[in-house]
Amino acid sequence: MSRRIVHIAANTFREAVRDRVLYNLIAFALLMSGAAILVGQISIDIERLVVVNLGLTAVSLFGMVIAIFIGIGLVSKEIEKRTLYTVLSRPVRRWEFIVGKFFGLAGTLIVNTFFMAIGVFAALWYVSRHFESPDGWVLVALYFIILQFLIITALALLFSAFSSPLLSAVFAFALFVIGSFAEDLRGFAALTQGATRWLATGAAYLVPNFSALNVISSVAHQQPVAGQLILYNTVYALIYASMALCGAVLIFEHRNLK
Amino acid sequence: MRASKRTTIAASLLLVACLLGSVLTLRRLDQLRSRATLEEVLYISSPKVLKRLSLGYDGLLADVYWTRAVQYFGSKHHAGAMHYELLGPLLEITAQLDPQLVVAYQFGASFLAARPPNGAGQPERAIELTQFGIRNNPNEWKLYYSLGFIYYTELKDNARAADAFSRGAQIPGAHPFLKLLAGKMAENAGELETARLLWIAAYKTTEDKDIRANAVAHLNAIQVDEDVTRLETLVGEYQKKTGHLPATLLDLVAARMLPGVPVDPLGYPYKLTRDGRIEVRMPDELPFLKKGMPPDYVAPVMPKFPKTQ
Amino acid sequence: MPAIEILGLEKTYTVGFWRKRPKRALLPLHLQVEEGEVFGFLGPNGAGKTTTLKLLMGLVYPTGGTARILGKDVNDPQMKSQIGFLPEQPYFYDYLTARELLEYYGQLSGLEAKPRSRKVDEVLSRVGLADAGRTQLRKFSKGMLQRVGIAQAILHNPRIVFFDEPMSGLDPMGRREVRDLMEQLKQAGKTVFFSTHILSDAEALCDRVAIIHRGELRGVGAVAELTSTVHGKVEMVWEGTLVPAWFKSRGAACHVSGDTVRAVVQEQDQEAAIDALRRERLRLVSVVPVRMSLEDYFVEKLKPAEAKAGVRS
């Protein structure tokens, strides 16, 4: 069982690579180089701040776009092109297919992020010619960004299992935006009353909590990230991604493949 | 031949478990995050930069920051804080993003200017904020009211307060009491009377719950002030007449000095002490009291605001 | 134990967004296929052939009835390692090469690494794609894709193969090759279940056929039986160009070519026809029984519905 999941994941990774996804790294490299050079010439003291802010934001956004655009097609494309038929006629359980796809895309994003991380640190070196120990927190910020990717990938996969690519993209993107304001949403909910409060609170707890996973700004100011926060964010991301995957598995299991 | 039951049940159970788990984890995360640092909450502390970054969606972002400001103040106030460092920046960002959000200026006038623990104690900053609001909303008479309010209550600058009120009174559609207030300022009229007018105006110029509750609390305190003064005067008169202090307030009623035992704004009858002083029964429920408290009374750090209807 | 057992399998779709109307794609189907058989599933387009195959592959869930393959439920992974499936007009991951695709499928079918590689080579040459192994599938023609499809279906040496329109998109050479391959499978004792609307293929290959139309089974049986039972005809050939009046009055099909006439008459009229020829002193060259073709049987079976609803193209 686990070997089939690995094979499916590997194939998904291969598909993403051959789809020239990794070319986004070129755009990223250009962006970072340009920014580093510009900033290096402008002002003192905030070069590191700008490089970290810009670099991490770019990693996050590029990755989100990739996660959404590939994620939404993971299942729907296979159904539409009927490549799924010959896969499912083999001893592959439907849920193995979903899980394999998830790991394939997650793996792609992790590899992508790894290369981008090198880019960020390279730019940091370029503008300041040295590393300081607080720079280590940048790694934590990157780790949190990867956790965000896990969540959004699982969500995109969930939507892909029942919805068309266009709608899936809209939903996924909407959840990304709303999720970034998740804490504010819970705040809004606390100010309402009655039935609205129940609904709003329910929604506020259901949307993915991206706000807690965004430590870009504090890391740019070289502030440490609490160990507890790392722990709970990890737990949350894993739980949430699993939840979305369960949803995807359930939907896919019961779907008639026309 | 049907969908696998095993998979369905397993996935459903796991989904429910994850749902519960995620809610619990979120609550823990919220707790951790409430101790967040300044930079994190403000993310980008320059209002102008933020406005540019908001890509034209500044209205929505303004609403977000406004909500954050209200929550920030509300939760800190509830906990009896003495410092509100973020209130100023949050309101300034809100105003920059949406200069027409009048309630933000009013909130600043009420809570940014006021002394801790009821406010951030930054009247100068509040004045700047309100003036920014006036520049962007020249026809909004309520903001002149707010300006005058700050000058009078926190800076004790009657002249400037009068100036603000009269400028506001000139705007078509302004509420008549602005003119009244301008007059009162100018003639240095009785403080209590002026204060009452001021707080009534504060109540009427806004729909915001918190500002109104604050105004009502002040009005109650003024009422108590007047009642206690009046009652203590009557007690003095009684003593002069009879040569001894009344035992209870009923004695005053019997002497036809009062129609009945008077009650405080909360509905509880006033108390007459052994030494002829008047006290309220529940001082904790009446913030901002200047009179009518027991001798060694210390106001609680967490003031209870009355609920407005 | 039959290789394939279909018991009352049916599928009804609900179509329409507001007012849901039921669409019966497959009426309760009862069918059995034994191991080693080559079974043809015939019918016009839209008859329900693909629906049946999808139900058997577990891609679609039935509204009623069940089916068992090799005695196991259709979703059983153990059983799936012993079957192969070629869908209609297949499409494969076009970013992979043929070898990579087959390796991937081999992995999913549970083949071990070393024998897998060997089998991929074997099967590629068997379908005539030995040279195209390293070409990306996006560059493959329709015929080549069909061959890859067959390759992935037989890669893991399954006991039963299911083909949905295996000849579609192939030129005559390709079709010949596929027919040969199916023959080879049969020789090897495999069970072949295939659907098609091309009757000549079925006639040549199948042991038994089933005819399905508008979701309903119209007839099942061995090809030989089906075509021989119903009233046969005889073909008579005689010298000359004269066609006796008798033939014309019977409405028999007559064909004059060169100096012979060829006519087809009903079997029971054979004697009368010979008499007619003798009266005209025509020299009879041959009398050969003409078996009804499967096509005739097919059209025959389809008739009642056609008469009601008009002929479908």
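Every read-out reported here was derived from the displayed coordinates using simple, explicitly stated rules and does not represent laboratory data. Nothing here was measured: the structure is a model prediction, and the numbers come from that model. Cβ sites come from the backbone with ideal geometry, for glycine too, and all protein chains shown count toward neighbours.
Compute the normalised compactness of segment C:231-290: alpha-carbon radius of gyration over 2.2 N^0.38 Å, N being the residue count.
Numbers: Rg = 10.2 Å, N = 60, 2.2 N^0.38 = 10.4 Å.
In units of the 2.2 N^0.38 Å rule of thumb, it is 0.97.
Out of all Cα-Cα pairs in segment C:52-128, roughly what percent, to the nearest whole number, are more than 19 Å apart? It would help to have the intermediate numbers written out before the result.
Working: 1420 of 2926 pairs.
For segment C:52-128, the share of Cα pairs beyond 19 Å comes to 49 percent.
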Item to check | Dipole magnitude of segment B:40-208 about its Cα centre (Cβ charges: Lys, Arg +1; Asp, Glu -1), debye to nearest 20 | outcome: 140 debye
Item to check | Simple Cβ-charge dipole of the protein assembly as shown, Lys/Arg +1 and Asp/Glu -1, about Cα centre, in debye nearest 20 | outcome: 1480 debye
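Within the protein assembly as shown, what percent of beta bridges assigned by DSSP are antiparallel, to the nearest 5? Display every interim value, and only then the final one.
Numbers: 45 of 63 bridges.
Around 70 percent antiparallel, to the nearest 5.
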Checklist entry - Can you give the average number of partner chain beta-carbon atoms within 10 Å of each beta-carbon in peptide C:108-119, as a whole number? => result 2
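Within 10 Å of each Cβ in peptide C:53-65, how many partner chain Cβ atoms are there on average? Round it to a whole number, please. Before the final figure, lay out each step's value.
Details: counts 2, 5, 2, 2, 5, 8, 11, 4, 8, 3, 0, 1, 1.
Partner-chain Cβ atoms within 10 Å, mean over residues of C:53-65: 4.
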Checklist outcome for this item: Extension length gain for B:ARG256 and B:SER75 (0.36 nm per residue less Cα distance), in nm, is 60.3 nm
Item to check | Net lengthening on full extension, A:ARG129/A:THR196 (0.36 nm per residue, minus Cα-Cα) | outcome: 18.7 nm
Checklist outcome for this item: Per-residue ellipticity at 222 nm attributable to helices in chain A (runs of n ≥ 4 DSSP H, -39500 (n - 2.57) apiece, nearest 500 deg cm²/dmol) works out to -27000 deg cm²/dmol
Checklist outcome for this item: Sparse-neighbourhood loop hits (chymotrypsin sites (Phe, Trp or Tyr not before Pro), segment C:7-109; DSSP loop; Cβ within 10 Å at most 13 others) -> C:PHE17, C:TRP18
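Taking a quarter of the surface of the convex hull around the Cα atoms of segment C:4-227, what do you get in nm²?
Details: hull surface 51.8 nm².
Value for segment C:4-227: 12.9 nm².
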Next on the checklist: Just to be sure I understand: if I project the alpha-carbon convex hull of segment B:214-285 onto a plane and average over all orientations, what area do I get in nm²?
Outcome noted: 4.7 nm²
Checklist outcome for this item: Highest GNM mean-square fluctuation among B:THR94, B:THR205, B:THR248, for chain B with Cα springs under 10 Å, belongs to B:THR248
Item to check | Cα-centred dipole magnitude for chain A, charges only on beta-carbon of K, R (+1) and D, E (-1), debye, nearest 20 | outcome: 1140 debye
Checklist entry - Add -39500 (n - 2.57) for each DSSP H run of 4 or more in chain C, then divide by its residues: what number comes out at 222 nm, to the nearest 500 deg cm²/dmol? => result -10500 deg cm²/dmol
Item to check | Rg over Rh [alpha-carbon atoms, Kirkwood Rh] for segment C:103-251 | outcome: 1.16
Checklist outcome for this item: The answer for the longest stretch of chain C without any exposed trypsin sites (Lys or Arg not before Pro) (DSSP loop, at most 16 further Cβ atoms within 10 Å) is C:135-280
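Does chain B classify as rounded, prolate or oblate by the C-alpha gyration tensor (a ≥ b ≥ c root eigenvalues; a/c under 1.5 gives rounded; else a/b over b/c gives prolate, otherwise oblate)? Mind dumping the intermediate values first?
Numbers: a/c = 2.91, a/b = 1.51, b/c = 1.93.
It is oblate, given that a/c is not under 1.5 and a/b is not larger than b/c.
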Checklist entry - Under 11 Å from the 7 Å Cα→Cβ point of B:ASN137, by amide nitrogen: which residues of segment B:69-97? => result B:95
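Rounded to the nearest 0.05, what FRET efficiency do C:ALA188 and C:SER168 have when you use their Cβ-Cβ distance and R0 = 25 Å?
0.55
With the Cα gyration tensor of segment A:1-135 giving a ≥ b ≥ c as the square roots of its eigenvalues, does the rule (a/c under 1.5 for rounded; else a/b larger than b/c for prolate; else oblate) give rounded, prolate or oblate? Provide the component values of the computation, followed by the final result.
Details: a/c = 3.96, a/b = 2.85, b/c = 1.39.
Note, shape of segment A:1-135 comes out prolate.
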Checklist entry - In terms of Cα to Cα distance under 14 Å, which aspartates and glutamates are near enough to A:LYS258, apart from those fewer than 8 places away along the same chain? => result A:GLU78, A:GLU80, C:GLU88
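Excluding B:ARG27 itself, what net charge comes from residues whose Cβ is under 14 Å from its Cβ, given Lys and Arg +1 and Asp and Glu -1?
So the surrounding residues net to +1.
Between A:ARG18 and A:VAL177, what length in nm is gained on full extension when 0.36 nm per residue of separation is reduced by their alpha carbon distance? Mind dumping the intermediate values first?
Working: separation 159, 0.36 × 159 = 57.24 nm, distance 2.93 nm.
Roughly 54.3 nm would be gained on extension.
Per DSSP helix of 4 or more residues, -39500 (n - 2.57); summed, then divided by the residues of chain B. What does that give at 222 nm, rounded to the nearest 500? Can you show the working numbers first?
Working: 13 runs with 182 residues, N = 309.
After summing the helix terms and dividing by residue count, I get -19000 deg cm²/dmol.
For A:GLU80 and B:ARG230, what is the calculated FRET efficiency with R₀ set at 60 Å and r taken between the beta-carbons, to the nearest 0.05? All intermediate terms of the calculation are to be shown ahead of the outcome.
Numbers: r = 84 Å, r/R0 = 1.41.
Working from the Cβ atoms, E equals 0.10.
Express the C-alpha Rg of chain A as a ratio against the empirical globular expectation 2.2 N^0.38 Å, rounded to two decimals. Provide the component values of the computation, followed by the final result.
On the way: Rg = 19.9 Å, N = 258, 2.2 N^0.38 = 18.1 Å.
In units of the globular-protein estimate, chain A measures up at 1.09.
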Checklist outcome for this item: Per DSSP, the loop-located GluC sites (Glu not before Pro) within segment B:135-206 having at most 11 other beta carbons within 10 Å are B:GLU187
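Give me the percent of DSSP beta bridges within chain C that run antiparallel, rounded to the nearest 5.
Working: 42 of 60 bridges.
Around 70 percent of the beta bridges assigned by DSSP in chain C are antiparallel ones.
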Item to check | Nearest-0.05 FRET efficiency for B:LEU192 and A:GLN228, computed from C-beta distance (R0 51 Å) | outcome: 0.45
Checklist outcome for this item: Across all Cα atoms of the protein assembly as shown, Rg and the largest Cα-Cα distance (Dmax), in Å, are 43.4, 166
Checklist entry - Taking the Cα centre of each part, how many Å lie between segment C:200-221 and segment B:121-181? => result 93 Å
Checklist entry - trypsin sites (Lys or Arg not before Pro), restricted to segment B:196-290: which are DSSP loop and have at most 16 other Cβ atoms within 10 Å? => result B:ARG256, B:ARG274, B:ARG281, B:LYS290
Item to check | Gaussian network model of chain B, Cα within-10 Å springs - most flexible of B:GLY119, B:GLY183, B:GLY133 | outcome: B:GLY183
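Could you pull out the pairs from C:LYS186/C:LYS303; A:LYS101/C:LYS80; B:LYS5/C:LYS80; B:LYS51/B:LYS204; C:LYS72/C:LYS142; A:LYS77/C:LYS186 whose alpha carbons sit more than 28 Å apart here? Write out the running numbers ahead of the final one.
Numbers: C:LYS186/C:LYS303 32 Å; A:LYS101/C:LYS80 21 Å; B:LYS5/C:LYS80 18 Å; B:LYS51/B:LYS204 32 Å; C:LYS72/C:LYS142 34 Å; A:LYS77/C:LYS186 36 Å.
Where the Cα-Cα span goes over 28 Å, the pairs concerned are C:LYS186/C:LYS303; B:LYS51/B:LYS204; C:LYS72/C:LYS142; A:LYS77/C:LYS186.
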Checklist entry - Mind checking the mean number of beta-carbon atoms from other chains within 10 Å of the Cβ atoms in A:187-199? => result 2
Item to check | Label zone at B:ARG27, where the point sits 7 Å out along the Cα-to-Cβ direction: segment A:186-212 residues whose backbone N lies under 15 Å | outcome: A:201-202, A:205-206
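Where a ≥ b ≥ c are the square roots of the eigenvalues of the C-alpha gyration tensor, would you call segment B:139-255 rounded, which needs a/c under 1.5, or, failing that, prolate if a/b is larger than b/c, or oblate? Write down the numbers at each step before the final one.
Numbers: a/c = 3.48, a/b = 2.39, b/c = 1.46.
In terms of gyration-tensor shape, prolate.
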Item to check | Separation of the B:THR273 and B:VAL298 label points, Cα + 7 Å toward Cβ, nm | outcome: 1.7 nm
Checklist outcome for this item: Between the modelled labels at B:HIS244 and C:GLN268 (7 Å from Cα along Cα→Cβ) the distance in nm is 14.3 nm
